[in-house]
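Let me begin by presenting the structure, written as structure tokens, before commenting on it.
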Amino acid sequence: MSLRRSSGLVGAVALALALTGCGSSDSKSDSSGKGGTRVFAADNGKIKIPADPQRVVATGYAVPVMIEAHAPLVGISSWKRGESMMSKKDLATYKKVPKVAGELATETNYEAVAEAEPDLIVIGVPAPVLGDIDVKRLESIAPVVAIGPTVPSAWRELSHKQADAAGSLKQFDAVKAKYEAKAAKLAEKYKDVLPQLKMGHVGAYGETAKGTFQREFGSSWGTNIAEDAGAKYYGKVKKKGPGSRAVSEYPSLEELPESLGKADAITYSVNPDGSVPEPVKYVMDSKLWKNLPAVKAKKTFPIRYTEAATYGSGMQTLDAIDKSFAPLLNR
Amino acid sequence: MTVAGRTSEAAGERRAAPQIGLLVGGLVLLAAVAVVSIGVGARSISPTEVVRALLDYQGTDDHVIVRDVRAPRALLAVAVGAALAVSGALIQTLARNPLAEPGILGVTAGAGFAITLGSGLGFAAGQAGQLGSAVVGSVLAALLVAAVGRRSPLRLVLTGVALTAVLSGVALGMRLMLPDTFDAYRFWSVGSLAAREQAPLAWPLTAIAVCLVGALLLSRALNALALGETVAHTLGAGVGRVRAMALVLITVLSGAATAVAGPILFVGLMVPHLVRKPAAGSVPWLILYTMVLGPIVLLVADMGSRVLLPTGEVPVAVVTAFLGGPMLIWAVRRYGAGSL
């Protein structure tokens, strides 16, 4: 799977955050307990949903979460970008569950959704993308809760909320506990080296054609899981924007020395197969990169699976981080 | 020499004097803009350091930026600007159509189609892959248009428009079906001079240089052709040969420029109009002026592209589009539609 997501999606996420003001941070659900329903706070308002859903349709970012949480899925959207991060078992489930929508919100097949006879529909897309979906039509089929992505590191809260809506917190919490245990183990393993390093990250979404690179700071896609393992990323964006723009920016290559010159160590995103994406290669091929102190000190570390947005896939990221950072223990 | 001959020659020299002065002034301006462009960028570098980087390279970050990023970029802007402007002047002269621009030969559509196809099939990855695909696509498209439309300017234009429509439509369909291909095309589709310093540019730049010289050599023959085919025949110009050579030059110039920088519209259309008045109907002067003004326009636009945003850059094609509209309207109002 390519690390580079479509610009439309990234733009949509950014726009979503601008319009929703990160509204999904309210993750509390209000259980009424009457008639088997409860009121759930989602991006699209307070929605009355079944207290214990039995037939769930999930789309977008909610798909991998629901699969990992063993939610009672009867329909999902296509989620090719996450296939490489799914376990064999989850991938089998993903392939088995009927597809009721494509990769894009506009590719929702309403008849297929209706045929699935869900009692809950969880939409994991940004609020503006909801405009591409006929929510009223979906609401005529089942209660709809929209829980879309916000800042990259917020996948923890968002996935919890999605699993909560589907009544699948038990399995979710089990995977979460495994992730947290693994992260704690890594933090312990690297406690003498990682916290002492000022780190910077080069992301995979820079636009080579524009001569820019993606500089990611803490809480971004490329950094948030490494932070769980004890890595400390320094700096912040010059001008905060919505969504991922709050924690990453796209400076000109000329600004590489200024941006990463103070880093003791640099991590960079690579594809799931370990190959270096074109935007990162562009940076690494420049003489400015070779002049950086961290590069001269040979403290550069590739990180795979930086797109992880679930605890299950996050564990693969932790494994990749462990493998990449291992040489630090020998220095 | 007769008295009449000497008088005519003296009159010609008097007419040429201001044109030579304008050309020299343009060259001085071009040199000045090129130097300034090397000093402008996202990172602030003092003029002293810029000079030191050029004359006494030490390999510091500032020196690397000047020598390895900005200087090649300025050179590329000069080459691409000249190539697009001269190919625009050539196609407008050849087609005798003031609205003609290099893309009318299907060059841009051909390059875009080749990159789309190449990305879909997996051989247009990276800068070298894209460059190669764009060169092949643009040359093949232009050859096809030239082969079908070589007999008359109108047929040439119609063939170019038709092929552009077909290639654009097919490529659009492919991109809609293949999201990764769409992504690859998206990065190329808005012309830019950024990040080309790592691309293999030696061959395209050499081809542009050779063709610019070729355009100058052909310009006198085109002067005759501009008067109409009958007059050109009477003056002894080989119409078919001149037209074929001009088509080759246009194809290589615009194809190479589009391949290395992506589609940059307006330069090929706009620049010839801006210098048409001082060229006073002379194709050789028109070629010379466009060869100087094209790089100036692109260098200025490129500097704007680097400093317009607080972080990152605007592709230069966006800046030329913003500059192009008002400049073209100004040219029309200043010189009148008749001169176009």
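Values in this text are rule-based calculations from the coordinates and carry no lab data. From a predicted model like this one, the values you see are computed outputs, not experimental measurements. Reconstructed Cβ throughout: ideal geometry from the backbone, glycine too, with neighbour counts over all protein chains shown.
Below are the figures for this structure:
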| quantity | calculated |
| --- | --- |
| Normalised contact order of chain B, rounded percent, pairs of Cα under 8 Å and 6 or more residues apart | 27 |
| Amide hydrogen neighbours beyond the local backbone of A:GLN214, cut-off 5 Å, H modeled | A:GLY203, A:TYR205, A:GLY206 |
| Chain A - percent relative contact order, Cα under 8 Å, separation 6 or more | 18 |
| Axial C-alpha extent at least 30 Å, average Kyte-Doolittle at least 0.0 - helices from chain B (DSSP) | B:3-39, B:71-95, B:126-149, B:153-177, B:202-226, B:239-261, B:283-307 |
| Interatomic Cα distance distribution for the range B:140-204, bins of 5 angstrom, percent | 3, 14, 15, 15, 16, 19, 13, 4, 1 |
| Total formal charge among the other residues, if their Cβ is under 11 angstrom from that of A:LYS232, Lys/Arg +1 and Asp/Glu -1 | -1 |
| Modelled FRET efficiency - R0 30 Å, B:THR48 with B:ALA209, Cβ distances, 0.05 increments | 0.45 |
| Neighbouring partner chain Cβ atoms per residue of B:191-199, average, 10 Å criterion | 5 |
| Label point distance in nm, B:LEU217-B:ALA162, each placed 7 Å from Cα along Cα→Cβ | 3.4 |
| Rh by Kirkwood over Cα pairs, then Stokes-Einstein D for the protein assembly as shown at 1.306 mPa s and 10 °C, µm²/s | 57 |
| Choice from B:HIS63, B:HIS233, B:HIS273 with maximal GNM fluctuation in chain B (Cα, 10 Å cutoff) | B:HIS233 |
| Size descriptor, Kirkwood hydrodynamic radius, that averages inverse alpha-carbon separations across chain A, Å | 20.4 |
| Size descriptor, Kirkwood hydrodynamic radius, that averages inverse alpha-carbon separations across chain B, Å | 20.9 |
| For the range B:18-64, projected area of the alpha-carbon convex hull averaged over all directions, nm² | 3.8 |
| Amide H contacts of A:GLY102 (H built 1.01 Å from N, under 5 Å, at least 5 apart or other chain) | A:SER78, A:GLU107, A:THR108, A:ASN109 |
| Of B:VAL33, B:VAL297, B:VAL260, the one that fluctuates the most in a GNM where chain B has Cα springs shorter than 10 Å | B:VAL33 |
| For the range A:173-250: Kirkwood Rh in Å [reciprocal of mean 1/r, alpha carbons] | 13.6 |
| For the range A:47-98, radius of gyration divided by Kirkwood radius, i.e. Rg to Rh on alpha-carbons | 0.98 |
| In degrees, nearest ten, helix A:169-189 long axis to first principal axis of chain A (Cα) | 10 |
| Antiparallel DSSP beta bridges within chain A, as percent of all bridges there, nearest 5 | 40 |
| Chain A: most fluctuating residue of A:GLY200, A:GLY230, A:GLY124 per GNM, C-alpha cutoff 10 Å | A:GLY230 |
| From phi via Karplus (6.51, -1.76, 1.60), per-residue ³J(HN,Hα) for the range A:82-87 in Hz, x at Gly/Pro | x, 4, 5, 9, 8, 5 |
| For A:ILE303, distant residues with modelled amide H under 5 Å away | A:TYR268, A:SER269, A:VAL270 |
| Dipole magnitude of the protein assembly as shown about its Cα centre (Cβ charges: Lys, Arg +1; Asp, Glu -1), debye to nearest 20 | 1000 |
| Net charge, A:LYS96 excluded, C-beta distance under 13 Å - Lys, Arg +1, Asp, Glu -1 | +3 |
| Residue order, fewest to most beta carbons within 10 Å, for A:LEU73, A:LEU328 | A:LEU328, A:LEU73 |
| Gap separating the Cα centres of the range B:100-169 and the range A:59-130, nearest whole Å | 40 |
| Of A:LYS189/A:LYS299; A:LYS191/A:LYS239; A:LYS96/A:LYS281; A:LYS96/A:LYS182, those spanning more than 25 Å from alpha-carbon to alpha-carbon | A:LYS191/A:LYS239; A:LYS96/A:LYS281; A:LYS96/A:LYS182 |
| Overall Cα dimensions of the range A:178-330 - principal axes, largest extent first, Å | 41, 34, 29 |
